[in-house]
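Peer 1: The structure's right below; bear with me while I get my questions together.
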Amino acid sequence: MIVIAGPLLHRMELIYQKMENEYDKVAAELGFSCEGCPDNCCDSYFEHHTCAEWSYLWLGFSQLPDSIRQEILARAEACQRACEEAIGREERPQVMCPLNREGRCILYRYRLMVCRTHGVPAVMTRPDGRTLNFPGCFRCQEVVRERCQDQEKVPTMERTALLRKLALLENDLLEGRRHLLPKVRLTIAQMLLQGPPVMPVAHCRR
Ligand code: SF4
Ligand code: SF4
């Protein structure tokens, strides 16, 4: 099992803390918050790509009482089925995350990067030099249209450095073998149903 612990856990928490700080800064500049939002974006379909986040999520999940874990796993199965059905119809799934209980995240402290950054406009430069722009959620886009006179100067979260740090952490967690291992591409439901990440046998340290 891949367990994020010690200095690597500390690095993960620093990355998440910085993400939250950067998000809060941009949200404050825009005067934007989730308060009163009629939507709940925890039903958005996202895939996640690191064992570091997967392992961190499991750190939180494994601390929940057994009865709640069983309830969440049953919801994760239903979520997974509904996503597969939507994909089968060539639709983008819109299914509530199994960790959302009565509108709130039961593992808020352990939620993933996308959950922490979804709302506000963001930009990132990929290793191949391509720049990706994220406009923020629908409600934040309305705020930007209303409040930003100059669309060239919209407050924007810069994700590049944070993603680089996450990639380095992932590589260290996987003992420098990240490039040799299968790529992670999992929804939160899949991360829960598959159990915590494991190092493939051929790559385990003896
Ligand atoms: S991020 Fe946007 S869509 Fe999601 S809850 Fe907040 S305001 Fe609503
Ligand atoms: S992990 Fe939490 S914040 Fe992220 S989608 Fe699920 S319920 Fe929402």
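Just so it is clear, none of the values below were taken in a lab; they were calculated from the coordinates. All values reported here derive from a predicted model rather than from experimental measurement. Virtual Cβ from ideal backbone geometry, glycine too; neighbours counted across all protein chains shown.
Peer 1: Sorted by packing (mean other beta-carbon atoms within 10 Å per residue), highest first, where do 154-160, 172-178 land?
Peer 2: The packing order, highest mean first, is 154-160, 172-178.
Peer 1: Straight-line reach only, C-alpha to C-alpha below 13 angstrom: list the aspartates and glutamates that residue 183 could link to, leaving out same-chain residues fewer than 8 apart.
Peer 2: 47, 170
Peer 1: What nm distance separates the two modelled labels at residue 150 and residue 3, each placed 7 Å from Cα along Cα→Cβ?
Peer 2: 5.3 nm
Peer 1: Another question, then. Choose one of 7, 87, 119: the residue whose Cα lies farthest towards the positive end of the charge dipole of the chain (beta-carbon charges +1 Lys, Arg; -1 Asp, Glu; about the Cα centre).
Peer 2: 7
Peer 1: How large is the charge dipole for segment 25-127, taken about the Cα centre, if only the Cβ atoms of Lys, Arg (+1) and Asp, Glu (-1) carry charge, to the nearest 20 debye?
Peer 2: Details: 12 positive and 14 negative charges, 72 e Å.
So the dipole magnitude of segment 25-127 works out to roughly 340 debye.
Peer 1: In percent, what relative contact order does segment 6-97 have, based on Cα pairs under 8 Å that are 6 or more apart in sequence?
Peer 2: 33 percent
Peer 1: Is it possible to state the helix-based mean residue ellipticity at 222 nm for the chain, with each DSSP H run of 4+ residues giving -39500 (n - 2.57), the sum divided by total residues, to the nearest 500 deg cm²/dmol? What is it?
Peer 2: Calculated mean residue ellipticity at 222 nm is -14500 deg cm²/dmol.
Peer 1: What does the charge count around residue 91 come to, taking other residues whose C-beta lies under 12 Å from its C-beta (Lys +1, Arg +1, Asp -1, Glu -1)?
Peer 2: Around residue 91, the charge tally is -1.
Peer 1: Turning to a different aspect of this structure: How about residue 153: which lysines have a C-alpha closer than 23 Å to its C-alpha, ignoring those fewer than 8 places off in the same chain?
Peer 2: Straight-distance partners of residue 153: 18, 25.
Peer 1: Counting only C-alpha contacts under 8 Å and six or more residues apart, can you give the relative contact order of segment 62-107 as a whole percent?
Peer 2: Dividing the mean separation by the residue count of segment 62-107 yields 30 percent.
Peer 1: Classify the chain as rounded, prolate or oblate from the Cα gyration tensor: take a ≥ b ≥ c as the square roots of its eigenvalues, call it rounded if a/c is under 1.5, otherwise prolate when a/b beats b/c and oblate if not.
Peer 2: Verdict is oblate for the chain.
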